[in-house]
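A short write-up of the structure that comes next.
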Amino acid sequence: MTSMTQQAADPVRQEEFAGRMLQVLNDSCLGYLCSLGHRTRLFDVMAELPASTSEQIAGAAGLDERYVREWLGGVTVGGIVEYDPADGTYRLPPEHAASLCRAAGPDNLASFVQDLALIGLVEDEVVTAFREGGGVPYSSYPKFQEIQAEETARVYDAVLVDAIVPLVPGLPERLGSGGGLDVLDVGTGQGHAVNLLARAFPASRFRGVDMSESGIAAARAEAERLGLDNARFDLADAAAVTGPYDLITAFDVIHDLARPAETLAAVAGALRDDGVFLMGDIAASSRLEENLDLPLGPALYTFSVFYCMTVSLGEGGAGLGTVWGRQTALRMLKEAGFGEVDVREVEGDILNVYYVARKGS
């Protein structure tokens, strides 16, 4: 007997949603195939080839032909690669390569889908957290920093020096002239942003801090490889930083932290009176209803459940989540002591907005 509170299903809507779920399943699987295409450089290789057989593509990529052939089948029926049955050749259209290849820089979306395999590794732990609370420890994500460094480098290499730094009026000139500035990057990861800035502005002094030993080691190795004597990296808690600094940066890190409010307060305290805090973080609203048409909405909430929120909760932290949003960010910056905050966007960075914050009333 049907419950009185149960509504009868609309058969048209039911059929439409079943079709949507089939698309979800297929697209999710295509995401894994795209991750393979990125990691094996198959997309990069195919972008440089004319229409080719699976043997030719495998040979050019230095890969096993049988695996390449099966992968080609999947990305062909998924509408990513074109196939000519007359001569058994495959072609990656240039319009598709523009979103799939490393040469596309910030427009390369294939690197993002590497996260699918990463979060799949911790699904059992996330299920446990749903049932028992708490979170998944950072140690459960062995490749996180490597993948994150690759993803952010696409943007930093293209726009950090020429577009993000100039968001602060006069900052490029101050970094490059005279005695330079003292700069701190919190949650620096593998330090690529710091090293880019140190190379571009040799008159200034840069320091990156992070709690990851492997991240700091990678940052120091890159600085040494680039011959930078104005960049240093230390193991340190972002919530305990002290100054004084002229500029402090935080790129896609505050929402991950166990103690974000304490970190923002520490940042404000570590700045000189005329200092600037430049914070890049997720371009989203704190109001769910305003994220319904967000292009990366489902991905952002998924990354939050499987990484950003749960890692913070795993440390007994605030669990802000990836989609903490502009309103919450502005409120927390004000509570930390920042009286003047401008919110800016950078062309080519679809993920973030940038907060230019100064102390005072």
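Read-outs: derived from the displayed coordinates by stated rules, not from any lab. If you're wondering where the values come from, they're calculated on a predicted model, not measured in any experiment. So basically every Cβ, Gly included, is an ideal-geometry build from the backbone, and we count neighbours across all protein chains shown.
Taking Cα atoms, how many degrees apart are the long axis of helix 123-132 and the longest axis of the chain, rounded to 10 and kept between 0 and 90? That helix lies at roughly 70 degrees to the long axis.
Largest first and in whole Å, the equivalent-ellipsoid semi-axes of the stretch 13-82 read 29, 11, 10, each the square root of five times a Cα gyration tensor eigenvalue. Springs between Cα atoms under 10 Å define the GNM used for the chain, and in it the highest mean-square fluctuation of Gly337, Gly275, Gly227 occurs at Gly227. Whole-Hz Karplus ³J(HN,Hα) for the stretch 86-98, in order, using 6.51 cos²θ - 1.76 cosθ + 1.60 and θ = phi - 60°, x for Gly and Pro? Once rounded to whole Hz, the list reads 5, 10, x, 10, 10, 9, 9, x, x, 5, 7, 4, 5.
Between the Cα long axis of helix 144-155 and the first principal axis of the chain there is an angle of about 80°, rounded to the nearest 10. For His192, His96, the sequence from fewest to most other C-beta atoms within 10 Å is His96, His192. Distance from the alpha carbon centroid of the stretch 1-70 to that of the stretch 198-216 works out to 39 angstrom.
For the stretch 24-169, the fraction of C-alpha pairs farther apart than 23 angstrom is 47 percent. Can you list residues from other chains, or at least 5 along the same chain, whose modelled amide H is less than 5 Å from the amide H of Leu271? The answer is Tyr245. Rounded, prolate or oblate, given the Cα gyration tensor of the chain, with a/c below 1.5 counting as rounded? Oblate.
At 222 nm, what helix-only mean residue ellipticity would the chain give, in deg cm²/dmol to the nearest 500, using -39500 (n - 2.57) for each DSSP H run of four or more? Using -39500 (n - 2.57) per qualifying helix, the result is -12500 deg cm²/dmol. Each peptide in 315-323, 263-271 receives the mean, over its residues, of other Cβ atoms within 10 Å, and ordering these scores from highest gives 263-271, 315-323. Of Leu247, Leu294, Leu72, the residue with the greatest mean-square motion in the GNM of the chain, using alpha carbon springs below 10 Å, is Leu294. Among Asp273, Asp246, Asp107, the largest mean-square fluctuation in a Gaussian network model of the chain (Cα springs under 10 Å) belongs to Asp273. Which whole-number percentage describes the relative contact order of the chain, with Cα contacts under 8 Å and a sequence gap of 6 or more? Averaging sequence separation for qualifying contacts and normalising by length gives 12 percent for the chain.
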